[in-house]
Amino acid sequence: MIHPTTTPPQAYLALLRAARLAFANDTRTLTAARARIRHEFRHTPATGRDEGVRKALDAAKILRENIVQGVMEEKEEGGGEGVFRGLFLSG
């Protein structure tokens, strides 16, 4: 549920903060996330602002609570598959 006084700029900043925390060590993904956030806010019509604020706050919550970043570790000698080491983020 969104707070009745949450404004689009507040939702925008909350979403940017959540993306910054979720993708702190991944510059490429963070840059893409910022671009997508900016695009979505610029192209949301005025009639859809309440829905847009709700979606932004929901997305920020997901980024804060449900994102898992993985790091590919080197392949072992002799071939084989690489191994992902997960970094779990929780809000």
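Taking a Cβ cut-off of under 13 Å around residue 49, the surrounding Lys, Arg, Asp and Glu residues balance to a net charge of 0, with basic ones at +1 and acidic ones at -1. In order along the stretch 6-17, phi translates into HN-Hα couplings of 5, 9, x, x, 5, 5, 4, 5, 4, 5, 4, 4 Hz, rounded to whole numbers, per the Karplus curve 6.51 cos²θ - 1.76 cosθ + 1.60 with θ = phi - 60° and x for Gly and Pro.
Distance between the pseudo-spin-label points of residue 44 and residue 7 (7 Å out from Cα toward the beta carbon): 1.4 nm.
Only the coordinates and a few stated rules stand behind these numbers; no lab work does. Fair warning: this is a prediction, and the values are worked out from it, not measured in the lab. Here the Cβ is made from the backbone with ideal geometry for all residues, glycine too, and neighbour counts use every protein chain on show.
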